[in-house]
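First up is the structure itself, then whatever we jot down about it.
The values are calculated or read from the model by the stated rules, or taken from the named source; none is laboratory data. What you see is a predicted model; the values in this text were computed from it and never measured. Heads up, the Cβs are rebuilt from the backbone with ideal geometry, glycines too, and the neighbour counts pull from every protein chain shown.
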Amino acid sequence: MLLSPHRRLAAGAALIAALAGTLVPATQASAAQAPAAPNRAQAHATAPDMDGVVAALNAAMANGAPGAMARYSGPEGVRSRTVGVQDRTTGAPMDIRSRFRIGSVSKTFSAVVLLQLVEEGRLELDAPVNRYLPGLLPDDRITVRHLLTHRSGLADYTDPMFNQTVPGFEAVRNRVFTYQELVDLSLALPRTTEPGVSYKYSNANFVVVGMLIEKLTGRPVADAYERRIFKPLKLRGTSYVHPDTRIAGRSVRGYLHPDEAGAPLVDSTEQTVSWAQSAGAVISTTADLDTFMSALLRGRLLSPAMLGAMTTVTPTDTANTRFYGLGLRRYDLSCGTRVYGHTGTVQGFYTYAFTTEDGRRSVSALANTSNHGAANTALGGTLEAAFCGSVKKPSAPGASSASPSARSLTRETPSATDRPAERDLPERN
Ligand code: REY
C-alpha cells in the first residue's frame, strides 16, 4: 500500500484540489508575488524539446563536466538523454539508471518528513524550535517555519568550511560530525538576520530539521526517509547511508573542480557527506527523483494543507522568477510554466529535480562536476528545454559551442531500458 488510509484520503483531496486549481495558499502566494504569465496553458501543452535538452547537457560538458544526463517524465512517456562519461578512469558512458549524490535535493525529503510530523500533531510550524530542542538555539523567536524557509538567520557554516574548495573538502571527506557539532559551527558565526526577516540559504537550517526529526521520532533520520518516502514510493535507487562513504551499485563518479584554473579534477565520489546529513546526503537516481517530485506535487505525500504550506513561496531573486517555499524551490520559466523542486550541489555533482504544479511533468538532471558555476547554469537549461519545449540559448560562456567530441558522445536512452518508475506512479489525465 502506498499510503495510510488517512493519508490516501488527504492525498485524494489534494489531487482533486490540484486538478480544480484550488491549492489556495500556492495560488494566493503566486497572485501576490508572481503574476502568472499569459501563455501558461500553452506552455503546458508543449512537448519536451529533447534536442534542447541535449544541447544543455552538451553545454554542461563544454563547461567542464565529464558527463551529464536528464530524464523527462510526462504524459508523452519517459525520455532520457545522456552525454559523456560517468567514470573518467574506465570511460564508462553516463548511464541514466546510475545513482548519484543529490546534495540539497535532500532538503525536500527532510521537509516532507517534518511536515508529515506536523500533520500528525507532533510539532507546530510556528512554534519555537527550542520548544522541541530546549536550549539548542540562542533565540526563542526562531520557529520551525523559519528553518524550512531559510529565514532563521543561522549562518551557513559551509561557507568558511569550503572557502578553499579542495583542502576544505579533503578535511571533511571522511569526517563524521554530530548534528550538534554542525549547529555549533553555525552558532560560532554571526547570525545573518533577525528571525523571519529575510531569506538566507543555510545548510544549518536543515541540520536542525534533521535534529527535530530524530528527536520527535526517536529514530535516525534514515529510518524516517525509508519508512515515509523511499518505501511507499518504491524508490529503490534512493538511499541515505551516512556515514558510509560509498555509493552502492551502478553509480556516477563525481569530479570536483579545484579553485586553481587548469588544475586536474579531483575524484570526490567517496565521502561521508557528514557536513550536510539531512541538508544534503541523500543518494538517488533521475527516475526516483522524477517519481518523488511528481508524487509530492500530486499530493501523495502530504495533506492539501501541508502541500499548500510547502508551496507558499517568497522570491529569492530580484527578477521575481525564483522562489522558496518550505524546503522547496519554485522556478517560473520563460514560457510561464511554474515548476517546483530543488537544486543540489555536493562535491562532484550538480543536480536539478523539478516538476510542474500538477506533478504531471518532471525533469531530473545531473552533471558529474561541481565548483564550476558555468556547468551548473548550463545544466539548468534542461528545464527550459524540457518544460518549455523550445531551445533556450545557454547563457553560460562557451555553452553555445559544445565541442564535436561532446556532441558525438550524445546518446538517446531508449525508455524501454529505463527504470519504469511510471509503473509505480501511473499517469492520470
Ligand atoms: C557546499 C560547497 C555546497 C560545494 C552546499 N551544498 O552547500 C548544499 C546544497 C548541500 O545546497 C563546493 N563548493 C562544490 C566549494 C566552493 O567548495 N568553494 O561546488 O562542490 O546543495
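On the basis of being of a type outside the set (A, V, I, L, M, F, W, C) and either within 16 Å of the ligand (Cβ to nearest atom) or without any contact (Cβ under 8 Å) to a residue 40 or more places away in the chain (or both), does S152 make the cut? Lay out the reasoning, then the answer.
Working: of a type outside the set (A, V, I, L, M, F, W, C): yes; either within 16 Å of the ligand (Cβ to nearest atom) or without any contact (Cβ under 8 Å) to a residue 40 or more places away in the chain (or both): yes.
When the stated conditions are applied, S152 passes them.
I need the full set of residues from the range 210-252 which are within 14 Å of the ligand (Cβ to nearest atom) and in contact with a Phe, Trp or Tyr (Cβ under 9 Å, 6 or more places away or on another chain), in order please.
Keep residues of the range 210-252 that are within 14 Å of the ligand (Cβ to nearest atom), which gives 210, 240, 242.
Passing the criteria: G210, Y240.
Scan the range 180-209 for residues that are away from the ligand (no atom under 16 Å from the Cβ) and either closer than 17 Å to S104 by Cβ or touching a Ser or Thr at 6+ places or on another chain (Cβ under 7 Å) (or both) and jot them down.
Restricting attention to the range 180-209, the residues satisfying the condition of being away from the ligand (no atom under 16 Å from the Cβ) are 180-181, 184, 187-188, 190-191, 193-198.
Across the range 180-209, the qualifying residue is only P195.
When you go through (1) touching a Gly at 6+ places or on another chain (Cβ under 8 Å); (2) within 27 Å of S202 (Cα to Cα); (3) within 16 Å of the ligand (Cβ to nearest atom) one by one for P66, which number turns out not to apply?
(2)
Which residue out of G84, G52, G21 is under 22 Å from the mean Cα position of the chain (by Cα) and either under 21 Å from D332 (Cβ atoms) or at pLDDT 95 or above (or both)?
Details: G84 fails: under 22 Å from the mean Cα position of the chain (by Cα); G21 fails: under 22 Å from the mean Cα position of the chain (by Cα).
Every option except G52 fails the conditions.
Since T108 meets every condition but one in (1) at positive phi; (2) within 16 Å of the ligand (Cβ to nearest atom), which condition does it not meet?
(1)
Those residues that are on the phi > 0 side of the Ramachandran plot and surrounded by fewer than 20 Cβ atoms within 10 Å (Cβ to Cβ), I need them from the range 299-331; list them, please. Quick ask: steps written out before the conclusion?
Taking the range 299-331 and keeping what is on the phi > 0 side of the Ramachandran plot, we get 299, 320, 327.
Scanning the range 299-331 gives a single hit, N320.
When you go through V207, V183 one by one, which is the residue that is in contact with a Leu (Cβ under 6 Å, 6 or more places away or on another chain), modelled with pLDDT of 95 or more, of a type in the set (A, V, I, L, M) and closer than 25 Å to M310 by Cα?
On the way: V183 fails: in contact with a Leu (Cβ under 6 Å, 6 or more places away or on another chain).
Exactly one residue qualifies, and that residue is V207.
Suppose we keep only residues that are outside any loop (DSSP other than H, G, I, E, B) and within 11 Å of the ligand (Cβ to nearest atom) within the range 265-290. Which one would you say is surrounded by the most Cβ atoms within 10 Å (Cβ to Cβ)? Before the answer, list the steps.
In the first step, residues of the range 265-290 are kept if they are outside any loop (DSSP other than H, G, I, E, B); the result is 266-267, 277-279, 283-284, 286-290.
Next cut, within 11 Å of the ligand (Cβ to nearest atom) only: 266, 277-279.
Working: V266: 19, Q277: 28, S278: 31, A279: 26.
The residue in question is S278.
Among R191, R151, R99, R173, which is the only one that is under 20 Å from the mean Cα position of the chain (by Cα), among the basic types (K, R), farther than 30 Å from P304 by Cα and modelled with pLDDT of 95 or more? Write out each step before concluding.
Details: R191 fails: under 20 Å from the mean Cα position of the chain (by Cα); R151 fails: farther than 30 Å from P304 by Cα; R173 fails: under 20 Å from the mean Cα position of the chain (by Cα).
Every option except R99 fails the conditions.
Output yes when any residue across the range 126-139 is within 15 Å of the ligand (Cβ to nearest atom) and either surrounded by 20 or more Cβ atoms within 10 Å (Cβ to Cβ) or within 30 Å of T369 (Cβ to Cβ) (or both), and no when none is.
Within the range 126-139, the subset within 15 Å of the ligand (Cβ to nearest atom) is none.
No.
Which of the residues spanning the range 357-375 are crowded, with 23+ Cβ neighbours inside 10 Å and not small (G, A, S)?
Across the range 357-375, the qualifying residues are R361, V363, L366, N368, T369, N371.
Run down G373, G336, G359 and say which single residue is of a type in the set (G, A, S), farther than 20 Å from F109 by Cβ and away from the ligand (no atom under 15 Å from the Cβ). So that I can check it myself, show each step before the final result.
Numbers: G373 fails: away from the ligand (no atom under 15 Å from the Cβ); G359 fails: farther than 20 Å from F109 by Cβ.
Only one candidate passes the filter, namely G336.
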